[in-house]
Amino acid sequence: MSKDTSKYVTKGLISQSDFEFLKELDPSRTQKYLPFIIKSYLADGDLDDIRNRVTEYDALLERNQVDRRDINAFKTFQQFDEYVQAYNNIKSTKELKREAKKQAEIILDNDALFIVCPQSHEASCLYGAGTKWCITAQNDVHFERYFYAHLITIYFIQVRSEAIKNNLSQDSWKVAVVVYPDNRIIAYNAIDKIIGKDDEDTVKALNLYNLFETLGVESSLFIPRGIDERMVDFLDYSLKRNLTELDLSRKNISIIPDAIGEMEKLEKLDLSENKIRSLPETIGLLSNLKSLYLFHNELTALPQSLRELKQLQWLGLTGNMLSNKTIRELKRELPNTRIYMEKDKAEPVPTLL
């Protein structure tokens, strides 16, 4: 034993057996923490706390995550304890990158191209580094708006092939492809300029086609992903905005989460042109709902709680597979609601968000 630690035994401050036990609490090979462990023990420190904090400190030290590298600089264990607890949630750059990689789906990885679909702000920042895309900014507000508010799917393309690079401007060696739930596509170069878009503008549509042809990829590779999985977060995002109108039409949705019932301030809800087969009973909690559009889904039945929507004025059901019995019951239980089963000139056109 070293002189620094043996003095506690020779002076009778601790027994030899206690000394041997405290040695086991030191995670270092050289037992560099032992003097501090003994002092903390003699100051009536809790052994479990001592062991846990020293072990955490050692791990932080190994990852270069602490700015005080001498444990003996702490005057008291309480001071040390507070310091470690403040730092032990800070992760190393390697750890952050490792976690970010788990939050992305690699679509293509070969000598020519690397294509990835980031599913978190952290992954977006990792794979979009070096660009001017707003979704890679330190603040996550832009990513949250794209990913949750608009349910957009994002793809990053990194060109590796020199042959392909020769046919592109340097700004297009990294491309962000934004895919809307209705399958619309917009491509941005690294300086955040639109370089292709599949809309009525012939030039932009042609540019998008030429871009994919140059890259050697099919547009069918870029599709909406994970829409249903994002719905709970989408509703949480929307709830915080205290919306009274919500447009979820043409979003490729097949599942409406129970959380929809929490949006009690909703007056208009458009779920038209999706793939919805059933609605949750919690939709009956939307007591302020006046307009509900369910046109062109795959509904074969409606929740019993729908009858509780006494404020409902408009209910659009055209394009579903509902029985005549269901419609008759609805008309009887919601006498003040205008129910549309076939589109006609009198049908209100949803003009939501």
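Toward the positive end of the charge dipole of the stretch 195-242, about the Cα centre and with charges on Cβ (Lys, Arg +1; Asp, Glu -1), which of Ser238, Gly226, Leu206 goes farthest? Going by the charge dipole, the pick is Ser238. Along its principal axes, the stretch 217-353 has C-alpha extents of 53, 32, 26 angstrom, given from the largest down. Amide H contacts of Ile107: Ile115, Val116, Cys117, each under 5 Å away and 5 or more positions distant or on a separate chain (H built 1.01 Å from N in the peptide plane; Pro and chain starts excluded). Heavy-atom accessible surface of the chain, averaged per residue, reaches 55 Å², computed with a 1.4 Å probe. Viscosity 1.567 mPa s, temperature 4 °C: Stokes-Einstein D of the stretch 1-159 from its Kirkwood Cα radius, in µm² per second? For the chosen part, D equals 67 µm²/s. Which entries of Lys268/Lys310; Lys97/Lys240; Lys174/Lys204; Lys102/Lys193; Lys102/Lys275 show an alpha-carbon separation above 20 angstrom in the structure shown? Cα-Cα > 20 Å for Lys97/Lys240; Lys102/Lys193; Lys102/Lys275; rest within. I need the fraction of alpha carbon pairs in the chain separated by more than 30 Å, rounded to a whole percent. Within the chain, distances greater than 30 Å cover 59 percent of Cα pairs.
Please compute the alpha carbon radius of gyration of the stretch 124-272, then divide it by the globular-protein estimate 2.2 N^0.38 Å. Two decimals is fine. That works out to 1.17 for the stretch 124-272.
Provide the net charge surrounding Leu208, with neighbours chosen by a C-beta distance below 15 Å and charges set as Lys +1, Arg +1, Asp -1, Glu -1. Spell out each step's value before the answer.
Working: positive: Arg184, Lys193, Lys197, Lys204; negative: Asp198, Asp199, Glu200, Asp201, Glu213, Glu218.
Charge balance in the 15 Å sphere: -2.
Once both labels are positioned 7 Å from their Cα atoms along Cα-to-Cβ, the gap between Lys165 and Arg332 label points is 7.3 nm.
Can you work out D for the stretch 18-107 in µm² s⁻¹ from Stokes-Einstein, where Rh is the Kirkwood radius over C-alpha pairs, the temperature is 4 °C and the viscosity is 1.567 mPa s?
Working: Rh = 14.3 Å.
D, rounded to a whole number, is 90 µm²/s.
Note on Asn288/Gln78: beta-carbon distance plugged into 1/(1 + (r/R0)^6) with R0 of 51 Å gives a FRET efficiency of 0.45.
Within the straight-line cut-off of under 29 Å between alpha carbons, the lysines reachable from Lys11 are Lys3, Lys23, Lys32, Lys39, Lys75, sequence neighbours fewer than 8 places apart in one chain being disregarded.
The values are calculated or read from the model by the stated rules, or taken from the named source; none is laboratory data. Remember, it's a predicted structure, so these values are computed and weren't measured experimentally. Neighbour counts are summed over all protein chains in view; Cβ atoms, including those assigned to glycine, are modelled from backbone coordinates with ideal geometry. Only protein heavy atoms, including side chains, enter the accessible area calculation; ligands, DNA and RNA are left aside. Shrake-Rupley method; radii C 1.70, N 1.55, O 1.52, S 1.80 Å.
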